[in-house]
Amino acid sequence: MAGTKGKQSVRDMILSLGLIGLMAGVIYIFIPHDDSEPPLKRVDYRVELLTARRAASYPVAAPGGLPKEWKATSVRYNGAEFDAWHLGFHDPDGQYVAIEQSTQKPAVFIDTATQGAEDTNTTQRIGDRTWQRYDGDKYDALVLKGKGSTTVVTGTASFAQLTKMAQALETS
């Protein structure tokens, strides 16, 4: 008789575990859950921009007149590290676009800012300036070498969107 009671206990335990698993599955199916990424928070970069423009040894660039769909998501200025200016955006297509400026040696700075993109030997006229196109596995970029500083507009966005950002840049 003891053997029969042991088998029933094991069978009851397996049935209970199966029932618990079934209930967990039903709960998972019927309880709403959101697997999407949380929306990115828009940052106000005005204070950092004013600080960078006062402190940097070059004209610090930021966009003017971009549509609201361009969302600023990150901003940094580091005067101790080659007057490094960073301003990151998400474009209307959800792609990343960043403005990077620095007094660091251009070759090193461009490689870092573009995450290893290569010079295409193609230039693009934007306004009254000639930008160099860079193509990369992760980021593409438009590069403007100035006197004492380099400006890079880079990101996962298309060259059309990078060009829109470069067109919108203002230094005052």
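Could you tell me whether region 115-172 comes out rounded, prolate or oblate from its Cα gyration tensor? Rule is a ≥ b ≥ c as square roots of the eigenvalues, rounded for a/c under 1.5, then prolate if a/b exceeds b/c, otherwise oblate. Since a/c reaches 1.5 and a/b is larger than b/c, the shape of region 115-172 is classed as prolate.
Measuring nothing but protein heavy atoms, the accessible surface of region 3-131 at 1.4 Å probe radius is 58 percent carbon and sulfur.
On a 28 Å Cα-Cα criterion, which of the cross-link pairs K68/K138; K41/K105; K71/K147 come out too long? Those over the limit are K41/K105; K71/K147. Per residue, the chain reaches -10500 deg cm²/dmol at 222 nm when only DSSP H runs of four or more residues are counted, each adding -39500 (n - 2.57).
Here the ratio of the Cα radius of gyration of region 13-107 to 2.2 N^0.38 Å is 1.90. Round to the nearest 0.05 the FRET efficiency obtained for D44 and T123 when R0 = 35 Å and r is the Cβ-Cβ distance. According to the calculation, E is roughly 0.55.
By its C-alpha gyration tensor, with a ≥ b ≥ c as the square roots of the eigenvalues, how is region 53-145 shaped: rounded for a/c under 1.5, else prolate for a/b larger than b/c, else oblate? Rounded is the answer for region 53-145, as its axis ratio a/c remains below 1.5.
Altogether, the Stokes-Einstein calculation at 25 °C and 0.890 mPa s, with the Kirkwood radius of the chain over Cα pairs as Rh, returns a diffusion coefficient of 128 µm²/s.
Using only Cα atoms, tell me the angle between helix 46-55 and the longest principal axis of the chain; keep it within 0 to 90° and round to the nearest 10. Between the helix axis and the principal axis of the chain, the angle is about 40 degrees. With protein chains left intact and a 1.4 Å probe, residues in the chain average 65 Å² of accessible area per residue.
The values are calculated or read from the model by the stated rules, or taken from the named source; none is laboratory data. This structure is a prediction, so every number in the text was calculated from the model and none was measured. Methodologically, a virtual Cβ is constructed for each residue, glycine included, from the backbone with ideal geometry; neighbour enumeration extends over all protein chains shown. In case anyone asks, the SASA skips ligands and DNA or RNA and just uses the protein heavy atoms, side chains included. Shrake-Rupley method; radii C 1.70, N 1.55, O 1.52, S 1.80 Å.
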